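Here is the structure we will look at, set down as structure tokens.
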Amino acid sequence: MEITLGFLLCSVLVVIGLVIQRKGSVSFIAGYKEGRIRNEKKLANRIGLTVIFFAVECFLLILIHLLLFPLNGLYIGILAVVHLFVVFALFVHAVMV
């Protein structure tokens with residue numbers, strides 16, 4: 001039951017990542033101004049991939065927790081913070097170019 005629930009929740013994140021990639025727009029980011037980013041599709045692709053990788057990593061942590069040994073929820077929180085910094089760095093890099 002827990003594996004199925006984890007899979008469904010992580011699948012939602014994968015779908016969100018795919019939507020970001022396919023849409024090719026990053027207007028959902030706070031502070032985004034039209035015309036400041038030269039290649040918005042490339043940035044959207046990278047942010048979408050980051051969200052997908054986060055979903056896969058979360059699912060792997062859920063599997064490890066349920067099948068091998070118990071993990072603290074802190075690990076998923078740390079992953080979330082790291083991925084937020086990655087998205088921020090991608091956005092800053094796209095603006096600076």
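What to note about this one:
- Of all the listed residues (57, 40, 34), the sole one being crowded, with 17+ Cβ neighbours inside 10 Å, over 22 Å from residue 2 (Cβ atoms) and among the acidic types (Asp, Glu) is 40.
- Looking across segment 56-88, just one residue is over 15 Å from residue 9 (Cα atoms), in contact with an Asp or Glu (Cβ under 9 Å, 6 or more places away or on another chain) and free of Cβ contacts under 8 Å to residues at least 24 places away in the same chain, and that is 65.
- Candidates 4, 50, filtered to the one that is of a type in the set (Ser, Thr, Tyr) and over 19 Å from the mean Cα position of the chain (by Cα): 4
- Within segment 41-52, the set of residues being in contact with a Ser or Thr (Cβ under 9 Å, 6 or more places away or on another chain) and touching a residue at least 24 places away in the same chain (Cβ under 8 Å) comprises just one member, 44.
No value in this document is a laboratory result; all are computed from the given coordinates. Treat the numbers as computed from the prediction; the structure is a model and nothing was measured. Glycine gets a Cβ as well: all are built from the backbone with ideal geometry, and neighbour counts include every protein chain shown.
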